[in-house]
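The block underneath contains the structure these notes are about, expressed in C-alpha cells.
The values are calculated or read from the model by the stated rules, or taken from the named source; none is laboratory data. For clarity, every value in this text was computed on a predicted model and none was experimentally measured. Here the Cβ is made from the backbone with ideal geometry for all residues, glycine too, and neighbour counts use every protein chain on show.
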Amino acid sequence: MPLRQESNFFYLTGCDVANSHLMITVSPPTVASNGPEVKSTLFIPREDPLETMWSPPPPTLEAARSTHEVDILAYSDEFDKHVAGAIKTRETAVHILPQTIQFPTLPAPLLVALSASGANPPPMIKYLLPALHSARLIKTEYEIELIRQANAISSRAHEVIMRVLGKDVKEVGGRVSTGSKEVTAVMPGQWRIEKEAEAEAIFVASCRREGAVHQAYMPIVASAQHAATLHYCCNDRAFAWGPVNSERQDLATQPANGHAHAHNGTQNGHGNEPTLAPQVLLLDAGCEWRNYASDITRTTPVGNGGKFTPEARAIYELVLKMQEEAIDSLKPGLHWDKVQLQCHLTLIDGFLELGLFKGERADIINSEISSAFFPHGVGHSLGLDVHDVPSASKPEAVTASSSLLALGPNVTIPIESADHPSFYRYLRLRLPLATGMVLTVEPGIYFSPHLLAPVRSSPYIDHELLAKYESVGGVRIEDVLWITETGCQNFTMTGKSVEWIEKLTSGQA
C-alpha cells in the first residue's frame, strides 16, 4: 500500500520518505545572538540495491535538498552520531513524540545514541505533542490551499455519485441496451449503482483519477436504515428492493451477494419484477491531498424516481436548516458549545412543527430527548488528520502557550453547558473559534433502534407518527469550513438543496 506519513512528522518536514527521522536542536541564546539558535536535521535512508528491485529508491541527499527546507540533510545511518553529538551534557533535555500503534517503539539508533550519551533525564513525551497540536490547530495559508484542493476533489466525487444514480432514471424509465435489445434497468444487477460497495468504488475511483492517493478515512456508505449507524463502515449491502417500512425492514438488510426480491411489494408494471425501494444513501467520504483531509457527507434519495419521500424530505430539510444556521453563526470568538446547543434547539423546534415532539418546549429541552436523534457533536477540527489535533481541540485543561503549563480545567466552556450534559457528551471541539481554524459542520438526525430504545416511553414523543419516520434511517449533511477574520468560508462545493440534489438523482441534470 502507498505510504501515508505520520502526521506530526509530515507537519514538521513535508517529507514522505519512509524510515526518515528529524532532529531539531535548540541552543540557548548567547551574548552575540538575539535568541535561541534552532537547527533542523532531516535523516533519510540510503538507497539499498536489494530494495530498489522491489520499490522506488529514496531520494539522494542532493535531490532532497531541492525539495526540503532544513538546515542539514543526512542519511539515516548517521542518526545516532548526530544525536550523540547534540547531547552535549547529561542535563540536555530530550523531547520526543509518544509511541503510537503505528510507531510502538523508538528508533533503534536513537536508543543507542541516548544510551551512549548517558542522557539524564530520560526523553520526555509530555510537552512536544501538545505543542505540535496547538500549532496545528491554526492553519497556515499553505495548509489552507491543500485542504481546499482536497475538498474540491471530494466535492466533485460526491456529485459524480449523484449523477450516476440519476443516469439510469433518465434513460426512459431506466432502460439500458444489452447487445441488440433494450431491457428494463429496474431489475437487480442492471443498475450502475445498486450496492453500497459500488458507490464507494466509484467515489474512490473519482478521487484517484484526480490524483488523490488516499482517502482521509474509511468511507461511510450507508443505504436505507443503515444510515442510522453513525460510523457504518461495512459498505457491503445491496440497496433495498421493494417497500421499506415497519413491515418489510428485512429488505434493508440484504447482503451484497444477494438482492432482495419484493414479490409482494412495489412493482414496476412488468410482471413481478421488483423496483428499488424509496430510501436514502448516506455517503460520508473524503480524500486527502498531500496528506491534508477533506470530510464531506451528502444524503441522497435512491428509488422513487430519484426523489425523496415526504418523510425523508422533511427530515433532510430540517437537518439542512440545522447546518445552515450553524454555518451562518460561525465567527472568531464563538464557543463551539453554542453551535451545538443551537443545533439541538433547531431540531426540537422542527420536531414540534412536524408533530414528532409534543408538550412544552422548555420541558422537551430539559428532558434532553433530542440527543436520541442527534447524539454526536456538530463537527470537529480538520487538517492532517480528519479528527485533527484532539489534545488541542478538546483540551482537558487550558494551557499557557508560552510555557505549556496547565492553568486548570477548561474554563472556556460556557457555564450553561452543564445544564444539558448529553448535548455535549461527544463533542470533539470545545473551544472558542479562532481565525485560521478549519472544521466540519455536520449535524444529523437518526432513527436508530439502539438510540431510541431509552425514549420509547417518553411522553414528549408522538410514537405513532415516529413509526412513519423510522424507515428513513438517518440524514447527515457535512461541509468543511475555514474560520476567517470576519466569519467563515465554505470549502465544500457540492450542492445540498433538495432541488439541486433531486435534479441530479432524477436524471434531470
* Would you mention how many residues in region 123-142 are buried (at least 19 other Cβ atoms within 10 Å of the Cβ) and acidic (Asp, Glu)? => 0
* Mind listing whichever residues of region 97-138 are hydroxyl-bearing (Ser, Thr, Tyr) and either modelled with pLDDT under 75 or within 23 Å of the chain's Cα centre (by Cα) (or both)? => THR100, THR105, SER115, SER117, SER134
* To do: Could you tell me whether TYR426 is in a helix (DSSP H, G or I), at pLDDT 95 or above and within 30 Å of ALA224 (Cβ to Cβ)?
  => no
